[in-house]
Amino acid sequence: SNVVGLKIAGVVIRRQEATTELEYNRAVTALLRDALKKLGPLPRAATQRAFEYTDGIWWDSTKRVPDNQLVRHRNFDVGPKIYPWKLSDAKNFSDLRAAQQEFDQYCHGDWKPLGLTMRDRLGKVPFQKMATLEIVPDDVLLKNGFPLPRSGRTTVTPADFPGIIAAIQRAAETELGPGVGSPVARANETSRYHE
């Protein structure tokens, strides 16, 4: 979902369709509607059952924001090609035949995930040649253990992202347990899906 959001925002920016926040929001809403149409969303009732299927595995409906235990599995893959997790990745459908039959009708039996490519250039020019990104974490982030670059710099650049993501994954494994970076249900996780 984050990658789709980035791609939609990138289209709005490239087209220069938004000179105000309101125009930006309208443009994003229109592009998101188009993207969902092209991707073929599930009907509302099937979407609810998909949430039920992953409830207890990928997330926990008994938790509320800002509880960090709400999302039980996290995808730490940053590309260059990113593939979404599938329902059958969470728990094998052999345990829930009705779920497989229901979702197969919408996927037409094709469970191959749609990969999204994270571009690193515009045409032949790498983004890093066009602009630089430097982030200075504020005191709140630093007090809460934001992983600064090993060099000791307080400014973060895209070159630091792999190390930061690895540190976040280690922290998630400490808090949520091994396997947090995988879609597969762990031994203590059971789907709340009811047939």
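The values are calculated or read from the model by the stated rules, or taken from the named source; none is laboratory data. Quick caveat: nothing in here was measured; it's all calculated off a predicted structure. Quick reminder, even Gly has a Cβ in these numbers, built from the backbone with ideal geometry, and neighbours come from all protein chains shown. Side chains included, ligands, DNA and RNA excluded: accessible areas come from the protein's heavy atoms. Shrake-Rupley method; radii C 1.70, N 1.55, O 1.52, S 1.80 Å.
Considering region 13-23, and only residues there that are over 22 Å from the mean Cα position of the chain (by Cα) and open to solvent by 70 Å² or more (accessible area, probe 1.4 Å), the residue that is farthest from SER1 (Cα to Cα) turns out to be THR19.
Hey, could you check region 44-88 for residues that are of a type in the set (A, V, I, L, M) and touching a helix residue (DSSP H, G or I) at 6+ places or on another chain (Cβ under 9 Å) and say which is farthest from GLY177 (Cα to Cα)?
Result: ALA46.
For region 61-71, the criterion of being closer than 24 Å to GLU173 by Cβ, open to solvent by 80 Å² or more (accessible area, probe 1.4 Å) and of a type in the set (A, V, I, L, M) is met by at least one residue. As a summary of the residue check, ALA185 satisfies the conditions (1) out of contact with any Leu (no Cβ under 7 Å at 6 or more places or on another chain); (2) assigned by the TED database to the domain that holds ASP67 except for the one numbered (2). The residues of region 30-45 that are over 19 Å from the mean Cα position of the chain (by Cα) and either at pLDDT 90 or above or surrounded by 14 or more Cβ atoms within 10 Å (Cβ to Cβ) (or both), listed by number, are ALA30, ASP34. Only residues that are over 22 Å from GLY181 (Cβ atoms) and basic (Lys, Arg) were counted in region 136-168, giving 2. The criterion of at least 1 residues that are under 22 Å from TRP111 (Cβ atoms) and touching an Asp or Glu at 6+ places or on another chain (Cβ under 7 Å) is met, among helices (runs of 4 or more DSSP H) falling completely within region 1-86, by 44-54.
In region 83-98, of all residues being modelled with pLDDT of 80 or more and either of a type outside the set (D, E, K, R) or in contact with a Gly (Cβ under 8 Å, 6 or more places away or on another chain) (or both), the one that is farthest from ILE57 (Cα to Cα) corresponds to TYR83.
Within region 118-162, the set of residues being of a type in the set (A, V, I, L, M, F, W, C), over 24 Å from SER1 (Cβ atoms), outside any loop (DSSP other than H, G, I, E, B) and open to solvent by less than 90 Å² (accessible area, probe 1.4 Å) comprises VAL125, LEU142, ALA159.
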